[in-house]
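Everything on this sheet refers to the single structure shown next.
The values are calculated or read from the model by the stated rules, or taken from the named source; none is laboratory data. Worth saying up front: this structure is predicted, and the values here are computed from it rather than measured. Don't worry about glycine lacking a Cβ; one is built from the backbone with ideal geometry, like all the others, and counts go over all protein chains shown. The accessibility values were calculated without ligands, DNA or RNA, using every heavy atom of the protein model including side chains. Shrake-Rupley method; radii C 1.70, N 1.55, O 1.52, S 1.80 Å.
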Amino acid sequence: MKTFVKYTPQKFDECVNLHEVEQLAINKLTDNSLSYYYSGAGDEETLKENKDAFRRIHLNPRVLVDVSHIDTSCNILGQKISMPICIAPSALHKLASEKGENDTASAAHKLNTLMILSTLSSVKLEDVAESNKTGLRWFQLYVLKDREFTANIIKRAQKSGFKAIVLTVDAPILGSRERDQRVKFSLPKEISYENLTQTVLDSKQITQEEIKHSSSQIFNLFLDKMDPSLNWEVIKWIRSITTLPLILKGVHRADDAVLAAEMGVNGIIVSNHGGRQLDTVLSGVELLIPIAQALKKYRNIEIYVDGGIRRGTDVFKCLALGAKAVFLGRPILYGLACEGENGVRRVIEIIYKELVICMKLCGCRKVSEIGRDMVILKRTKF
Ligand SMILES: Cc1cc2nc3c(=O)[nH]c(=O)nc-3n(C[C@H](O)[C@H](O)[C@H](O)COP(=O)(O)O)c2cc1C
């Protein structure tokens, strides 16, 4: 009898799905970079759940619909993009490719989709903007203890043509990531947090005691620079600095989502940070369900989601459950590690093609036809 062997492609162009891209990237990246990209918090239960949850959601296809032509375009915050698949913010793309975030931005631009640039990018935000002038980009914000610096970075993002501020709200401190601690994650000397100026990086507030208890450089950065006292007041503060739309990333609860809507926030990304912050919270797609329900009567706020999205069917399920668009995190980094800009493009193209197949087989000709009736949730027995 033949034994089934898991297929690991040898070359990037042999990859037919995102799982294979991940396998290839795992072989390519150094232990230091891979542990940073791959890791989840604690026992990595949420990291695993982000993917597993999609298996409990079933498609409910409509038949005898003419699907010879379909349209995958959608509007987010009034801007048309070619597909509801966008790039989540992630730090340090230069750990994967020489040009780092410039490669990612070029790929997004060529495919006419949206990229969110992280505060902790390894290419300066102005340089990313300059390298791809007309691409659609939002800027992800970590609020630093140094508020003057934070205000300034918001202004820099607006001046450089970023179209929204994405405030990450699930990281008052960094989650405990044991893979990073094991390898004592550190930045290679040619890579740095290019948006943070030397003065910000130099001002040491961290105590020796705190340093002793952590062994990852990114953990230290958070302890030292990020503001753990952040609360809902920050929304007013950001509004006083910029006219850009404001998105909250990392909302988990329906009551928080309602509060955001009532405070006039323009969008939320339902996200558990790719399972990297608080372990054992629900998967992104399961968090989405009550949030979409609670926000039904609020017309002024858009809902997006991320976490474990690896298949076109996953994208479709998120849209059916109320998301306007989805964001990919790790798959982008893995594509980048395999083949730079081309790698990111291919990752998006693979999942895009899967979405097209799924839409056709479900009888949905456009994104707006992917309604709640297109999925059935499997009942869990307790
Ligand atoms: C290596 C890495 C770095 C990340 N850096 C950031 C960041 O700087 N800011 C942020 O808001 N989220 C960050 N995230 C979280 C992603 O934006 C996103 O929520 C998550 O990766 C989605 O899950 P997925 O990787 O399963 O697609 C990071 C994720 C990874 C994997």
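Give the number of residues within the stretch 89-136 that are open to solvent by 20 Å² or more (accessible area, probe 1.4 Å), under 16 Å from the mean Cα position of the chain (by Cα) and aliphatic (A, V, I, L, M).
1
Tell me which residues, restricted to the stretch 348-379, are in a helix (DSSP H, G or I), away from the ligand (no atom under 16 Å from the Cβ) and open to solvent by less than 20 Å² (accessible area, probe 1.4 Å). Lay out the reasoning, then the answer.
Step one: filter the stretch 348-379 for residues in a helix (DSSP H, G or I), giving 348-362, 367-369, 372-374.
If we keep only those that are away from the ligand (no atom under 16 Å from the Cβ) too, we end up with 349, 353, 356-362, 367-369, 372-374.
Passing the criteria: 358, 359, 362, 374.
If you check 191, 153, 173, which single one turns out to be open to solvent by less than 10 Å² (accessible area, probe 1.4 Å) and touching a residue at least 40 places away in the same chain (Cβ under 8 Å)?
Answer to the check: 153.
Working only within the stretch 38-56, note down all residues that are closer than 18 Å to residue 315 by Cα, touching a helix residue (DSSP H, G or I) at 6+ places or on another chain (Cβ under 8 Å) and open to solvent by less than 70 Å² (accessible area, probe 1.4 Å). It would help to see each step written out before you state the result.
First pass over the stretch 38-56, keeping only residues closer than 18 Å to residue 315 by Cα: 47-56.
Narrowing the set further to residues that are touching a helix residue (DSSP H, G or I) at 6+ places or on another chain (Cβ under 8 Å) leaves 47-50, 53-54.
47, 49, 50, 53, 54, listed by residue number.
Restricting to the stretch 31-56, what's the tally of residues that are near the ligand (Cβ under 10 Å from one of its atoms) and among the basic types (Lys, Arg)?
Summing the residues that are near the ligand (Cβ under 10 Å from one of its atoms) and among the basic types (Lys, Arg) in the stretch 31-56 gives 1.
For the stretch 116-140, give me each residue that is part of a strand (DSSP E or B) and in contact with a helix residue (DSSP H, G or I) (Cβ under 9 Å, 6 or more places away or on another chain). First the steps, then the outcome.
Taking the stretch 116-140 first, the residues part of a strand (DSSP E or B) are 116-117, 137-140.
Correct list: 117, 137, 138, 139.
Residues that are closer than 22 Å to residue 30 by Cβ and modelled with pLDDT under 95: which helices (runs of 4 or more DSSP H) entirely in the stretch 141-222 hold 2 or more of them? I'd like the intermediate steps shown before the answer.
Working: elements: 147-159, 178-183, 198-202, 208-212.
Answer list for the stretch 141-222: 178-183.
In this structure, is residue 28 in contact with a helix residue (DSSP H, G or I) (Cβ under 8 Å, 6 or more places away or on another chain), open to solvent by 70 Å² or more (accessible area, probe 1.4 Å), in contact (Cβ under 8 Å) with a residue 24 or more places away in the chain and within 14 Å of the ligand (Cβ to nearest atom)? Even if it seems obvious, please write down each step before you answer.
Details: in contact with a helix residue (DSSP H, G or I) (Cβ under 8 Å, 6 or more places away or on another chain): yes; open to solvent by 70 Å² or more (accessible area, probe 1.4 Å): yes; in contact (Cβ under 8 Å) with a residue 24 or more places away in the chain: yes; within 14 Å of the ligand (Cβ to nearest atom): no.
So residue 28 fails the test.
Give me the pairs: first residue in the stretch 117-133 and more than 13 Å from the ligand (Cβ to nearest atom), second residue of a type in the set (A, V, I, L, M) and not in a loop (DSSP other than H, G, I, E, B), beta-carbon distance under 8 Å, and six or more apart or on different chains, which are they?
128/105; 128/117; 131/105; 132/105; 132/108
Of everything in the stretch 57-81, what is closer than 28 Å to residue 22 by Cα, of a type outside the set (A, V, I, L, M) and either surrounded by fewer than 15 Cβ atoms within 10 Å (Cβ to Cβ) or within 11 Å of the ligand (Cβ to nearest atom) (or both)? Give them in sequence order. If you could, list the steps in order and put the result at the bottom.
Going through the stretch 57-81, the residues closer than 28 Å to residue 22 by Cα turn out to be 57-59, 72-74, 81.
Then drop every residue that is not of a type outside the set (A, V, I, L, M), which leaves 58, 72-74.
Across the stretch 57-81, the qualifying residues are 58, 73.
Select from the stretch 140-150 the residues that are open to solvent by 20 Å² or more (accessible area, probe 1.4 Å) and touching a strand residue (DSSP E or B) at 6+ places or on another chain (Cβ under 8 Å) and write down the one among them that is farthest from the ligand (Cβ to nearest atom).
Out of the qualifying residues, it is 145.
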